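Everything below concerns the one structure shown next.
Throughout, read-outs are computed from the coordinates displayed, never taken from laboratory work. All values derive from a computational prediction rather than experimental measurement. All Cβ positions, even for glycine, are placed from backbone atoms using ideal geometry, and neighbour counts span all protein chains on display.
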Amino acid sequence: AASGSTPEPPKMRSNHALTPPPKPHVVFALADDFGWANFGAHRAAGEQGAAEAQTPFLDGLLREGIELRRYYTYKICSPSRSALQSGRLPVHVNTANSAVSIFNESDPVSGYAGVPRNMTCVANKLAAAGYDTHFVGKWDAGMATPRHTP
C-alpha cells in the first residue's frame with residue numbers, strides 16, 4: 001500500500017479451512033479370560049486348532065490398531081479393569097474382587113470396592129475432549145453405590 005493509503009483487509013479463508021479435522025474413533029475392547037491361542041491372529045495356518053480359532057473381525061481390528069503384549073495382570077478381573085479405566089496401578093484403585101457390600105465406613109469416598117468416585121477415568125477425559133462415550137458389557141470395576149457404575 002502506498003504511503004497514506006488504507007491497507008487491504010486480510011483475505012478471508014473458507015470455513016472449510018477453519019474446521020478442525022474429525023477426531024479419530026476410539027474403541028477399547030477388553031476381553032479377560034480370552035486365551036492367547038483363542039485369537040485367530042495368533043494361530044498360523046495349518047497349526048493345530050487354527051480352524052477353530054477364526055476371528056476375522058478381531059484380526060482386522062488388530063491390523064489397524066494396537067495390541068498390548070507385555071503387561072502384568074491380576075488373576076481376577078476387577079483390579080485390571082479398574083486400573084485400565086482409571087490409569088492407575090491396581091494397588092491404588094482396587095486389588096480384590098470383594099463383595100459390593102464390603103466397605104470402610106471411615107472412608108466414604110475410597111472405602112468401597114471398586115474405583116473411588118473421586119477418581120477421573122478415561123471416559124471422563126474423553127467426554128471432556130468432546131467424545132461421546134458408551135459402555136457395553138461387564139463393568140466389574142465397582143458397583144457399591146449407583147455412583148460407582150457407568
Inset, instruction - With a 10 Å radius around each residue's Cβ, average the other Cβ atoms per peptide and rank 61-68, 118-125, highest first. - result: 118-125, 61-68
Inset, instruction - Calculate, for residue 54 and residue 105, the FRET efficiency according to 1/(1 + (r/R0)^6) with r their C-beta to C-beta distance and R0 41 Å; round to the nearest 0.05. - result: 0.20
Inset, instruction - Estimate the FRET efficiency between residue 145 and residue 77 by the formula 1/(1 + (r/R0)^6), using the beta-carbon distance for r and 25 Å for R0, to the nearest 0.05. - result: 0.80
Legend entry - Per-residue ³J(HN,Hα) for the range 124-137, Karplus 6.51 cos²θ - 1.76 cosθ + 1.60, θ = phi - 60°, Hz, x for Gly and Pro: 4, 5, 5, 4, 5, 8, x, 7, 8, 10, 8, 10, 9, x
Inset, instruction - Can you tell me how much longer the chain between residue 67 and residue 47 gets when fully stretched, taken as 0.36 nm per residue apart minus their C-alpha distance, in nm with one decimal? - result: 5.1 nm
Inset, instruction - State the extension gain, in nm to one decimal, for the chain segment bounded by residue 37 and residue 135, taking 0.36 nm per residue of separation less the distance between their alpha-carbons. - result: 32.6 nm
Legend entry - Nonlocal amide H pairs with residue 112, under 5 Å, H built at 1.01 Å: 104
